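Chemist: Got a structure here, written out as structure tokens. Questions coming.
The values are calculated or read from the model by the stated rules, or taken from the named source; none is laboratory data. Remember, it's a predicted structure, so these values are computed and weren't measured experimentally. All Cβ positions, glycine included, derive from the backbone under ideal geometry; neighbour counts span all protein chains shown. In case anyone asks, the SASA skips ligands and DNA or RNA and just uses the protein heavy atoms, side chains included. Shrake-Rupley method; radii C 1.70, N 1.55, O 1.52, S 1.80 Å.
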Amino acid sequence: MRAQPPASHYVDGAYVEDEAGEAFESIYPATGEAIARLHMATPALFDRALAAAKRGQAEWAAKSGAERGRILRRAAEILREKNDAISEIETLDTGKAVQETLVADAASGADCIEYFGALAADIRGSHIEFPNGFAYTRREPLGICAGIGAWNYPIQIASWKSAPALACGNAMIFKPSEVTPLTALKLAEIYTEAGVPAGVFNVLQGGGALGAMLSSHPAIDKVSVTGSVGTGAKVMGGAAETTKHVTLELGGKSPILVFADADLDAAVSGAILGNFYSTGQICSNGTRVFVERSVRQAFVEKLAERAKAIRLGDPLDPETHLGPLVSKAQYDRVLSYMELGRSQGATLACGGKAAEVAGLPNGLFVEPTIFTDVDDTMRIAREEIFGPVMCVMDFDSEDEAIRRANATDFGLAAGIYTRDLSRAHRMAARVAAGTVWVNSYNLTPVEMPFGGVKRSGIGRENGREALEHYSQVKSVYLATGPEEAPY
Ligand code: NAD
């Protein structure tokens, strides 16, 4: 098998097999070939991982922040050195084009680990003065954190969760998606090589049942999940039993607002990348593109022209723009939404069906698809499709655009294209979203907090804000005057 790891899990600083667990395979979606055969973790291995995380966390938290930071920065360096090999595994596991995985996956993970490595020495509390005393706060680790990943950005998600967790002195048990189980194991190897103590970062394979155990187990202090809204609600429900901290990075149906005064080519680029990058499998994609009526025709023409130039192909070919969808389930789901768009009366500007790619007859390819004449009530305009399907609508005024953009339960991200500075800020303030991009789309530098509002999530990843979600504040009050009692 092309990407078989030494064993399925990584616990207590080493690879571990657990053959009693149910077997499953990772499939390369461009060919249908099995690239690795793994086992899901059993409850016995789960207990071993918990014991290892408890020991590892005590040792890790006892180190100075500077020392933890040094080790994390070393891990970031090793991850960068191994970028090519890890990108190839990521491409095999996800089907995403290597043109992307080389620059956006492990590379973003390394940036994140380096960033939190740099902050680790500066995690601190505050000092508060009173007439007869003072208080200070200590920012302490939470303990054992669980990370649960989605399949679209496997190593990036593992890094975005583990880097702030480890910087704060926590241990983590990470469960990658069962669809893309491989690169989290590479990250675990790298942490060990960099000097992270055994048990601090563990990887267990499994599906929803393991995710539910991680969410509800009393020995776990926090759970952070990246996944769909439905899964997020289940995780939050499980965490409620033991009042765990939760971070939820969930789905979206984000709007892009294109005003008539915008640089139309830039807006077309934003809409194209914000719908088709990673074959449309990005949570923050701007899948509802609202275009001011006077430029709508020109916008759609440019869009369809550019979409025709997208090269579908072998994901391992550096010239390929788009690979297949990640799995047969996702392929069927996306094709069913394309059918739904047609049957509900939207107009196809391009795409709309499965795609044939020469030499890859079993590949799960679909055409980049643009629907126009979309009504806000259509399911393609309301539900997250998680594939390369863009809906274009038109509008006549700012108020209308904002009202329709916000008429959704999601609130992950939004884009605004305009040359009017005041309008850009006005719209950024009014749109209900965790992240707003102005004259750009989908850029997520690790220094910037990222997360959703409404049903798209709770908490933030990245930026200094993430440290607050992986630590807790203890207040210590100290009297400097006499204690007084009224009786
Ligand atoms: P999913 O919800 O099916 O699965 C996500 C993870 O949760 C997987 O590891 C899965 O095994 C696990 N899981 C499933 N049931 C569980 C349960 N009952 N308890 C605990 N864990 C459980 O999502 P997916 O299909 O892997 O990913 C696509 C979704 O993820 C989309 O909705 C997308 O928008 C979202 N996503 C969000 C972000 C973000 O940062 N906001 C990033 C990427 C993907």
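Chemist: Being in contact with a Gly (Cβ under 7 Å, 6 or more places away or on another chain), crowded, with 20+ Cβ neighbours inside 10 Å and hydrophobic (A, V, I, L, M, F, W, C), is that true of even one residue in the stretch 261-274?
Modeler: Keep residues of the stretch 261-274 that are in contact with a Gly (Cβ under 7 Å, 6 or more places away or on another chain), which gives 270-271, 274.
Subset that is crowded, with 20+ Cβ neighbours inside 10 Å: 270-271, 274.
Add one more test, that the residue is hydrophobic (A, V, I, L, M, F, W, C), and what stays is 271.
Yes; the residues of the stretch 261-274 include at least one that is in contact with a Gly (Cβ under 7 Å, 6 or more places away or on another chain), crowded, with 20+ Cβ neighbours inside 10 Å and hydrophobic (A, V, I, L, M, F, W, C).
Chemist: Continuing with this model, one more query. Residues that are touching a residue at least 12 places away in the same chain (Cβ under 8 Å), within 16 Å of the ligand (Cβ to nearest atom) and open to solvent by 80 Å² or more (accessible area, probe 1.4 Å): does the stretch 447-459 have at least one? Spell out the reasoning first.
Modeler: Initially, the stretch 447-459 is screened for residues touching a residue at least 12 places away in the same chain (Cβ under 8 Å), giving 447-459.
Filter again for within 16 Å of the ligand (Cβ to nearest atom), leaving 448-459.
Checking the rest, the ones that are also open to solvent by 80 Å² or more (accessible area, probe 1.4 Å) come to 454-455.
Yes - at least one qualifying residue is present in the stretch 447-459.
Chemist: Is it the case that some residue within the stretch 161-176 is within 11 Å of the ligand (Cβ to nearest atom) and either touching a Ser or Thr at 6+ places or on another chain (Cβ under 7 Å) or among the aliphatic types (A, V, I, L, M) (or both)? So that I can check it myself, show each step before the final result.
Modeler: Initial filter on the stretch 161-176 (within 11 Å of the ligand (Cβ to nearest atom)): 161, 174-176.
If we keep only those that are either touching a Ser or Thr at 6+ places or on another chain (Cβ under 7 Å) or among the aliphatic types (A, V, I, L, M) (or both) as well, we get 161, 174.
The answer is yes; a qualifying residue exists.
Chemist: Tell me the strands (runs of 3 or more DSSP E) entirely within the stretch 181-297 that contain at least 1 residues that are in contact (Cβ under 8 Å) with a residue 40 or more places away in the chain, within 11 Å of the ligand (Cβ to nearest atom) and closer than 22 Å to residue 50 by Cβ.
Modeler: On the way: elements: 201-203, 222-226, 245-249, 255-258, 288-292.
Here the list reads 222-226, 245-249.
Chemist: I'm trying to understand the selection: among the residues of the stretch 109-156, which are assigned to a helix (DSSP H, G or I), under 20 Å from residue 210 (Cβ atoms) and either open to solvent by 20 Å² or more (accessible area, probe 1.4 Å) or not hydrophobic (A, V, I, L, M, F, W, C) (or both)? So that I can check it myself, show each step before the final result.
Modeler: Filtering the stretch 109-156 for residues assigned to a helix (DSSP H, G or I) gives 109-122, 154-156.
Keeping just the survivors that are under 20 Å from residue 210 (Cβ atoms) gives 154-155.
Once the filter is applied, which keeps residues that are assigned to a helix (DSSP H, G or I), under 20 Å from residue 210 (Cβ atoms) and either open to solvent by 20 Å² or more (accessible area, probe 1.4 Å) or not hydrophobic (A, V, I, L, M, F, W, C) (or both), the stretch 109-156 yields only 154.
Chemist: Follow-up. Which members of the stretch 228-243 meet the condition of being surrounded by fewer than 24 Cβ atoms within 10 Å (Cβ to Cβ) and of a type outside the set (Val, Ile, Thr)?
Modeler: Going through the stretch 228-243, the residues surrounded by fewer than 24 Cβ atoms within 10 Å (Cβ to Cβ) turn out to be 228-231, 233-234, 236-243.
Answer for the stretch 228-243, where residues must be surrounded by fewer than 24 Cβ atoms within 10 Å (Cβ to Cβ) and of a type outside the set (Val, Ile, Thr): 228, 230, 233, 234, 236, 237, 238, 239, 240, 241.
Chemist: Now, a different point. For the stretch 382-402, indicate whether the set of residues that are open to solvent by less than 10 Å² (accessible area, probe 1.4 Å), within 13 Å of the ligand (Cβ to nearest atom) and either touching a residue at least 40 places away in the same chain (Cβ under 8 Å) or not charged (D, E, K, R) (or both) is non-empty.
Modeler: Yes, the stretch 382-402 contains at least one residue that is open to solvent by less than 10 Å² (accessible area, probe 1.4 Å), within 13 Å of the ligand (Cβ to nearest atom) and either touching a residue at least 40 places away in the same chain (Cβ under 8 Å) or not charged (D, E, K, R) (or both).
Chemist: Related question: If you check residue 332 against the conditions, is it in a helix (DSSP H, G or I), more than 16 Å from the ligand (Cβ to nearest atom) and out of contact with any Asp or Glu (no Cβ under 8 Å at 6 or more places or on another chain)?
Modeler: Details: in a helix (DSSP H, G or I): yes; more than 16 Å from the ligand (Cβ to nearest atom): no; out of contact with any Asp or Glu (no Cβ under 8 Å at 6 or more places or on another chain): yes.
It is false that residue 332 is in a helix (DSSP H, G or I), more than 16 Å from the ligand (Cβ to nearest atom) and out of contact with any Asp or Glu (no Cβ under 8 Å at 6 or more places or on another chain).
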